[in-house]
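Here's the structure we're looking at; comments come further down.
The values are calculated or read from the model by the stated rules, or taken from the named source; none is laboratory data. Just so it is clear, the structure is predicted and the values come from calculations on it, not from any experiment. FYI the Cβ positions are ideal-geometry reconstructions off the backbone, even for glycines, and counts take in every protein chain you see.
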Amino acid sequence: MAPMSRNITSAPEKGVFPLDHFGECKQLAQDYLTCLEKNENEARPCNDLAKRYFECRMDRKLMVKQDLAELGIDGPAFLASVSGRSSGPAHR
Amino acid sequence: MNQQSRFCSSSASFRKPKSQATAAELGLYWGAAAVGMIGFSYATVPLYKIFCAATGYGGTVSGVETVEVKMKRRAEHPNEKVERAAEQREITVWFNSDVAQDMPWEFAPTQQNVRVRPGQSTLVFFTAKNKTDKPITGYSVYNVTPDKAAVYFNKIQCFCFEEQRLRGHEEVDMPVFFYLDPEMASDWNCRNIDDITLSYMFHRVADEDLEEEDLDDNAPTLIKLHGPGIPPSTLTANSQLRVTSLSPAA
């Protein structure tokens, strides 16, 4: 029985990013992209710049204000800080 | 062989009455079997749905959980196996961009790929530039391949489905904020997937499809959505945001 090969497309959870028509956060976007290039396109080292870009958007009402950690930008580090344990192998 | 000959001999001695009785019984049994098989073939539809929902086979999305809910669940009840697998796995997300034939925009990703770990949200950009003099409205649709990985790809926020208007010669950054479920790292079906491709395509909204208000260049851009089942909540999320007013003189 072959599985149905459908394209799974759904609306984005937080909706649509309003366009930054006036380029207010463009410089921060550039900084982030430069960081990506320097790190061979690895996303994790550039997290702080991504956060600064989002903060810029939030300040200019181009994004709903929200704690970015809730959206998973820190990934496992956020989990460790919330649950108060190290993100290493389990201690049973 | 011995059993067979025993059976044959017993049926030979009781042939006539037994065969008459068994003919009716056989008819009943076969009839019941036929009805059972027809019933089962009807039952496979809901059974398959339950199976897919339980196992996620074929890319079925099991319920709609937002990233915040998922992160909270991970924080409160972390699954060590999943977290460890996600920590060690690196996925490369590639980007693809297209425009429809009648769409005079330059649309491209700003990075060819990005290396991410499941369980951590990532920001990426596309840029779009209107090559003509007049304002042009477009909307984009997206696609994630392979299908097996698409079920783990969560788009937190992006620029798809909504009509976007660019003034003549305007160039703008279009961010995409996405999250890959950490469960992907421990999914046996996805064990060989190290690359995911995110493709966007921009379509043009013809001027005749735009309403009167849209053609009035001084009016703020109205939000119109193109796409399957956009929940009304996306509109309320945007309602407190500034709606840009575009004027041709700027």
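Taken over the stretch B:112-134, the criterion of being more than 23 Å from the chain's Cα centre (by Cα), surrounded by fewer than 20 Cβ atoms within 10 Å (Cβ to Cβ) and either within 11 Å of chain A (Cβ to nearest Cβ) or part of a strand (DSSP E or B) (or both) is satisfied by B:127, B:129.
Residues of the stretch A:46-55 include at least one that is within 7 Å of chain B (Cβ to nearest Cβ) and without any contact (Cβ under 8 Å) to a residue 24 or more places away in the chain.
Look at the stretch A:17-41: where a residue is over 17 Å from residue B:170 (Cα atoms) and more than 8 Å from chain B (Cβ to nearest Cβ) and a partner is acidic (Asp, Glu) and surrounded by fewer than 13 Cβ atoms within 10 Å (Cβ to Cβ), sitting 6+ places away or on another chain with Cβ atoms under 9 Å, you get A:35/A:48. Going through (1) β-branched (Val, Ile, Thr); (2) within 13 Å of residue A:75 (Cα to Cα); (3) free of Cβ contacts under 8 Å to residues at least 60 places away in the same chain one by one, residue B:66 falls short only on (2). Summed over the stretch B:25-56, the residues that are of a type in the set (Ser, Thr, Tyr) and either exposed (fewer than 10 other Cβ atoms within 10 Å of the Cβ) or farther than 22 Å from residue B:187 by Cβ (or both) give a count of 4. Report yes if some residue within the stretch A:28-40 is on the phi < 0 side of the Ramachandran plot, part of a loop (DSSP other than H, G, I, E, B) and at pLDDT below 90; otherwise report no. The answer is no; no qualifying residue exists.
Residues checked against (1) at the interface with chain A (Cβ under 7 Å from one of its Cβ atoms); (2) touching a His at 6+ places or on another chain (Cβ under 8 Å); (3) farther than 23 Å from residue B:185 by Cβ; (4) outside any strand (DSSP E or B):
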position: B:143; (1), (2), (3), (4): yes, no, no, no
position: B:148; (1), (2), (3), (4): no, no, no, yes
position: B:157; (1), (2), (3), (4): yes, no, yes, no
position: B:165; (1), (2), (3), (4): no, no, yes, no
position: B:168; (1), (2), (3), (4): no, no, yes, yes
position: B:172; (1), (2), (3), (4): yes, yes, yes, no
